[in-house]
Structure formats: C-alpha cells, structure tokens
Amino acid sequence: MVMKNHTKARLQAGETVVGCFVRYPVGTLAEFVALAGWDFLVLDAEHGSLQPGDVEDLSRACELHGVTPIVRVTTNEPSTILRFLDAGAHGLQVPWVNSAAEAEAAVNSTKYQPQGSRGLAATRSARFGVPESIGAYTRRANAETLVVVQVETADGVANVDELAHVEGVDVVFIGPTDLAHSLGQVGNASHPEVQTAMDRVAEAVLAAGKALGIFVSNPTEATAWKERGARYLTTGVEPLLRNSMANYLRTVRNTGGETE
Ligand code: 3PY
Ligand code: MG
C-alpha cells in the first residue's frame, strides 16, 4: 500500500464515498476511469477475469491519480485474499459473506498480527521492504486497509446483526442482484420482499455504527440510497456506458430524424 487510504479516512470521518467497479484487465482503462475523480475503484476479480498481476497494474493506475484501489476477490479464502492484497490493493471486498464467522475470517485474512494472521512478505503491498521495516508496514497496513463484506443472500440478511458487529469490518455492502436472486426474485431488486430485506440490512448496519454500501446503476438510485443511509456508493463501468450509449443513440437518432 503506497499511499494513505483516503476512502477509509473519509468513511471514518462520517463522509460519503463514491466509487466504480472495473472488471477488465486493462491498466489504461483503469487510468481513464480513475481520472474522472472517483474516491475508489473496485477491481473486480469475482465477476471479472482479473488475476493478481492485473490487480497490481490497475492499482498502480489508481495510485497515479489519488484513487483508492479496492479488490473484490473471488472467494473468502486466506490464500486467495493474500495474493490479491499483496498485489497492492488498499482494500478488500469479499462477496457472499453469510455469517459473523465468515466476516471474522475475512478480517483475519486481511490483518497482520495482532489483529489477524495474514501471511507476511516484502511484496508490492509492503513496498518490497525498501522504504520502511516490515514491522512498520504491518502496523500501517492494519490501520489503512479497508474491509468490505457483501451481504447478498437470505442467510446473510438473517445473520446481519452479528455480522455487522464484527471488529475490523468497515463497510457492509448490499449486492442487490444476488440478493434478489437468493430471495427468488431473479432480476427484480425492486420487489417489495427484496426492498424489505435491504431495509433490514441498512437498519442493522447503521445500528452497528458501520458504513453501509451498495451497488447502484444510476444517479437516481445513488441519491435514493444516500437518503437511506448508504455512504459507500458504487456503480460500474457497464451501467455507466449502458446508460450513456442508450442516451446518445436515442438523442442522435431522434435529432437526426432517423427511425429506431
Ligand atoms: C450484486 O448485486 O450481487 C453485487 O455483487 C453488486 O456488486
Ligand atoms: Mg453479487
């Protein structure tokens, strides 16, 4: 981790942060997106093809422009988390966290002693051990690395009170697509049953004093979730491009008098 984690600092100060998922292994794309001025990018290895080496390049692109690189890993396994964090991400986002024990496992994999048991080596994340001792690095990494756990199943919702209280978890993040799927409302996150489950998560997370996060597809959803208490608002390259392409084509075709 090369720089101060501004996203974590802003969350700790009670502020709202705004980020974007990038799931393609192209450093130039990450750099282009980072230049828009996001607080953070989530480098998505869960639903993207990113390998630890890609996360290394994309993290560099973020760091160039003062944007916090956070990696969404494939699984909640110590050996997987280790490789993605060693590449230099400043935060970890873990999908499908269904219980307090799973949230504790994520924290344990992220933190060095005494808070956890992450494997230690002089990797990129430790700046290869060049400018500071390994001990100084572990203290800084424990303080600076952001931990985000995703609640996106019926089990996760059922266990959200305990899960949200786990020490070391900074953000509890709602995954609307998987949550709707888990509740039998495939592709319909606006269904009242899904919305009630989201309210349940929001209530538990805010009561635990943690930051609430969510994936949003457009500015209207982002604004609505800000009002519902979310402070870690994350969209993605795809919804942004999808919305923008559709608007462009609609406007240009109508202006040009072309038929659809
Ligand atoms: C979901 O909606 O399931 C997510 O994981 C969003 O990132
Ligand atoms: Mg999901």
| task | Round to the nearest 10 and give me the degree value, 0 to 90, for the angle of helix 192-207's Cα axis relative to the longest principal axis of the chain. | result | 30 degrees
| query | Binning every alpha carbon pair distance of segment 161-210 at 10 Å from zero, what are the percents per bin? | reply | 28, 45, 25, 2
| task | For residue 121 and residue 167, compute 0.36 nm times the residue count separating them, minus their Cα-Cα distance, and round to one decimal in nm. | result | 14.1 nm
| said: Whole-Hz ³J(HN,Hα) for each residue in segment 145-151, computed from phi via Karplus 6.51 cos²θ - 1.76 cosθ + 1.60 with θ = phi - 60°, x for glycine and proline: what do you get? | reply: 6, 7, 10, 10, 10, 9, 9
| field | Diffusion coefficient, µm² s⁻¹, Stokes-Einstein with Kirkwood Rh over alpha-carbon pairs of the chain at 4 °C and 1.567 mPa s | value | 69 µm²/s
| remark: Ranked by GNM mean-square fluctuation in the chain (Cα springs under 10 Å), the top entry among 32, 21, 173 is 32
| request: Grab the DSSP H runs of the chain that are 4 residues or longer, score each as -39,500 (n - 2.57), total them, divide by all residues and round the 222 nm result to the nearest 500 deg cm²/dmol. | output: -13500 deg cm²/dmol
| field | GNM result for the chain, Cα springs below 10 Å: residue of 17, 151, 73 fluctuating most strongly | value | 17
| Computed magnitude of the charge dipole of the chain (debye, nearest 20; Cβ of K, R +1, Cβ of D, E -1) | 700 debye
| Most fluctuating residue of 91, 168, 187 in a GNM of the chain with Cα springs under 10 Å: which is it? | 187
| message | Which residue, 110, 133, 94, has the largest displacement toward the positive end of the dipole of segment 71-153 when charges sit on each Cβ (Lys, Arg +1; Asp, Glu -1)? | response | 133
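Read the figures in this text as sums done on the coordinates, not as results from a lab. In this text the structure is predicted, and so the values were computed from the model without any measurement. Quick reminder, even Gly has a Cβ in these numbers, built from the backbone with ideal geometry, and neighbours come from all protein chains shown.
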